[in-house]
1. On the basis of being farther than 22 Å from residue 30 by Cβ, assigned to a helix (DSSP H, G or I) and not charged (D, E, K, R), does residue 61 make the cut?
2. Out of region 64-93, which residues are closer than 17 Å to residue 19 by Cβ and not in a helix (DSSP H, G or I)?
3. With the condition kept exactly as written, say whether any residue in region 28-40 is within 27 Å of residue 15 (Cα to Cα) and either loosely packed, with under 14 Cβ neighbours inside 10 Å or β-branched (Val, Ile, Thr) (or both).
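Computed from the coordinates by the stated procedures, all read-outs in this text should not be read as laboratory data. Because the structure is predicted, anything quoted here is derived from the model rather than measured. A quick note on method: Cβ atoms are made from the backbone with ideal geometry, for glycine too, and the neighbour counts reach across all protein chains shown.
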Amino acid sequence: MVAVSSVLAEVAGKEFAVSTLWIVALALSVVGFLLVRWRRWTAIASVTVASVWAYLIVSELRDRFVGPAITQELGQMYVVQSYVSALLPFLFLVLGFLRSRPHAP
């Protein structure tokens, strides 16, 4: 039984802290929003970086062995916040597109 609890305790140590999730998500969101408003073609780089960020978060949560251990150890709210922080940069990119200024040819 000690081995099982030590394995579960090691899962949380390898995951991003909630503060890290939100700081990185907000930074990517603001930078992506501003870049897309400045030049629309910068969305390519912004989507690439946001996709890597989302992959780093979601791949662990969707793993059939690690995912349940994360939920058990860190709780359901950590999982919800992880998904929201993965989605936030993409939402700000769309918002940047919708609010971007048209450029004169």
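1. The answer is yes for residue 61.
2. Answer for region 64-93, where residues must be closer than 17 Å to residue 19 by Cβ and not in a helix (DSSP H, G or I): just 75.
3. Among the residues of region 28-40, at least one is within 27 Å of residue 15 (Cα to Cα) and either loosely packed, with under 14 Cβ neighbours inside 10 Å or β-branched (Val, Ile, Thr) (or both), which makes the answer yes.
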